[in-house]
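Notes follow once the structure below has been shown.
The values are calculated or read from the model by the stated rules, or taken from the named source; none is laboratory data. Just so it is clear, the model here is predicted, and its values are computed rather than measured. Ideal geometry is used to build each Cβ from the backbone, glycine not excepted, and the neighbour counts take in all protein chains shown. Accessible surface is based on the protein model in full, side chains and every heavy atom, while ligands, DNA and RNA are left aside. Shrake-Rupley method; radii C 1.70, N 1.55, O 1.52, S 1.80 Å.
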Amino acid sequence: MKTSMKRYSRATRSMSPADKLARGLGWLSLGVGLYQLVAPRRLGRALGMPHRDNKKIRACGAREIVSGIGALSDNPTNAIWSRVVGDVLDFSVLTFALKRHTAHKENLYLALTAVGVLTVVDYSCAKALSQRHAYQGGITPDYSQRSGFPGGVESAWGAARAEGSKAQVPPRLPAPNAM
């Protein structure tokens with residue numbers, strides 16, 4: 001009978017849930033950013049934005065890709081915080097588009113809802129990552145005067161030899177060629 005065992009890579013075994021969520025958000029950012037770079041007209045049409053906004057959509061896509069690459073790093077804290085800032089920018093642009101281009105209200109409301117949910121997820125992930133990857137607060141203790149020997153270095157000299165002379169030596173075994 002075969003026993004199935006889950007295989008984990010070394011990189012994911014020690015990751016916290018916030019790190020795993022950041023990795024997923026990084027892949028999401030790469031996908032969304034790539035879509036914004038490749039198909040800005042299609043996205044603009046769905047949101048009711050004119051063709052002149054294609055450069056802005058591509059700029060948002062580039063920002064998403066940079067955040068996604070950073071989120072896949074060992075310490076994704078800054079990248080996830082940049083996602084939070086990007087979400088706020090996206091939310092403000094979509095709100096402006098909702099006031100200006102009322103033809104596609106349903107799509108804009110859907111996009112606003114998605115950005116709002118992602119903002120909450122990004123913020124909670126960034127906060128957890130900040131706590132996990134934070135440097136220890138307070139004053140770092142100075143251990144430069146410690147030697148590792150409780151009685152000092154002088155008391156350690158010859159201590160093993162003195163202890164060894166008191167110990168009983170086990171009897172010697174006969175040499176193999178003596179038999």
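Applying a threshold of 8 Å to beta carbon distances and a minimum spacing of six or more residues, or different chains, the list of pairs starting in segment 68-88 at a residue that is of a type outside the set (A, V, I, L, M) and ending at one that is open to solvent by 10 Å² or more (accessible area, probe 1.4 Å) and outside any helix (DSSP H, G or I) reads N75/H133; T77/H133. For segment 106-129, the candidate set comprises residues that are farther than 21 Å from S67 by Cα and touching a residue at least 12 places away in the same chain (Cβ under 8 Å); within that set, the residue that is least open to solvent (accessible area, probe 1.4 Å) is L108. All told, L21 falls short of being surrounded by fewer than 18 Cβ atoms within 10 Å (Cβ to Cβ) and either modelled with pLDDT of 90 or more or not in a helix (DSSP H, G or I) (or both).
So is P50 out of contact with any Lys or Arg (no Cβ under 9 Å at 6 or more places or on another chain) and open to solvent by 40 Å² or more (accessible area, probe 1.4 Å) or not? Taking the combined requirement at face value, the residue does not satisfy it. When each of R63, R58, R83 is tested for being more than 30 Å from S16 (Cα to Cα) and part of a helix (DSSP H, G or I), the lone residue that passes is R58.
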